[in-house]
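Just below is one structure, and these are the notes that go with it.
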Amino acid sequence: MVIDSFSQLKARLRDLPPRRAVVAAAHDEHTLQAVFAARRDGLIYPVLVGRREEILSIARALGEDLDPAQVADAGDDAQCAAKSVDLIRAGEGSMLIKGMLPTGTLLKAVVHKETGIRASGVMSHVAILDVPSYHKLLYVTDGGMVVAPDLEQKRHILRNALEFCRFLGYDRPKAAVLCAVETVNPAMPETADGAALKAEGERGEFGPCLVEGPISLDLATDGEAARVKGYRSPVAGEADILLAPSIAAGNLLGKSLYGLAGGEMAGVVLGATAPITVNSRGATAEEKYWSILICAAMK
């Protein structure tokens, strides 16, 4: 199946039971607006970690009933991150929501060798974008975790994204390994990586999927451009996943599709024992809601 919008994804979750979610540094109005909206929609049962009195005050101002037992008091950012990860480790939640703290502080607790919740050799970020000019959701990776991935790291990043899409219900997700050109060029190592990942996909090493690479962004997302250029691939104009060659490229691509192109964006970090939402502290309540929605959809 293909998911064409966040609204369609939301409609698929009507009959799922709410997931217990831990919210790190929940003392933030936008975060709590998103969390309470997700609670009303039956997506989550939240456990709120942070400055207790501020959380209760914001909840009252929003007109929301909140059981004090749902609030775990914590002071600074590091304490919020550590306590939230401890709750996930203890089985008190199956997803982790970032609130008003830096992403780096939360992820430091997540990847701690002794007390963290890392489950994969390579953790990666996926930006999920609902872009008006594209006919379905796009999954851009990795614009938030791995700075300059080598081929082995790209394998992990691609596998994380493919498994994520299959969690969401895609039978055979289509992945484009993005480069500036469509042929292998020794001066551009990422083109050789693209060709290698395509060959591995054809051998079935990533499970049911279609992997194309190296391929440019226009050919991956515009079937007419591919036709004019004579480029033939089942991924051309139909890509679900856009695998960027670096964190800079992935970050710029995601933010341009979100900002200049008028898209809506959610974000999730994969490779831990629980999915993690990692919206910017300045994100709107709606953007944070979509990230919660995505995590709640994961089986």
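Just list whichever of 255/288; 83/255; 98/255; 98/174; 83/108 have alpha carbons separated by over 21 Å in the model shown. Violating the 21 Å Cα-Cα cut-off are 83/255; 98/174.
Length available on full extension from residue 148 to residue 16: 0.36 nm per residue minus the Cα-Cα distance, which gives 43.7 nm. A 1.4 Å probe run over region 120-192, with the rest of the protein chains in place, finds 38 Å² accessible per residue. Between 236, 206, 274, the Cα set farthest toward the positive side of the dipole of region 145-292 (charges on each charged residue's Cβ, about the Cα centre) is that of 274. Computed over protein heavy atoms with a 1.4 angstrom probe, the accessible surface ordering of 112, 156, largest first, is 112, 156.
Once the cut-off is 18 Å, how many percent of the Cα-Cα pairs in region 1-140 end up in the long-distance tail? Mind showing how you got there, number by number?
Working: 5865 of 9730 pairs.
Pairs farther apart than 18 Å: 60 percent.
Against the compact-protein benchmark of 2.2 N^0.38 Å, the Cα-based radius of gyration of the chain scales to 1.01.
In this simple spin-label approximation, residue 192 and residue 286 carry label points 7 Å from Cα along the Cα→Cβ vector, and these lie 4.6 nm apart. Amide H contacts for residue 44 (H built 1.01 Å from N in the peptide plane; partners 5 or more residues away or on another chain; cut-off under 5 Å): 19, 39.
In a DSSP loop and with at most 15 other Cβ atoms within 10 Å, the GluC sites (Glu not before Pro) in region 195-288 are 205. Taken per residue, the accessible surface of region 8-72 reaches 48 Å², heavy atoms only and a 1.4 Å probe.
Averaging sequence separations of C-alpha pairs under 8 Å and six or more residues apart, then dividing by the length of region 1-72, give the relative contact order as a whole percent. Working shown, then result.
On the way: 80 pairs, mean separation 22.3, N = 72.
Once normalised by length, the contact order is 31 percent.
Taking the Cα atoms of region 75-231, the ratio Rg/Rh between the radius of gyration and the Kirkwood radius comes to 1.03. Any chance you could tell me what percent of the C-alpha pair distances in region 216-279 go past 16 Å? Summing the P(r) tail past 16 Å for region 216-279 gives 60 percent. The trypsin sites (Lys or Arg not before Pro) found in region 7-101 that occupy coil by DSSP, while having at most 10 further C-beta atoms within 10 Å, are 14.
The values are calculated or read from the model by the stated rules, or taken from the named source; none is laboratory data. Just so it is clear, the structure is predicted and the values come from calculations on it, not from any experiment. No Cβ is skipped: glycine too gets one built from the backbone with ideal geometry, and neighbour counts run over all protein chains shown. Side chains are part of the model used for accessible areas, which takes the heavy atoms of the whole protein and leaves out ligands, DNA and RNA. Shrake-Rupley method; radii C 1.70, N 1.55, O 1.52, S 1.80 Å.
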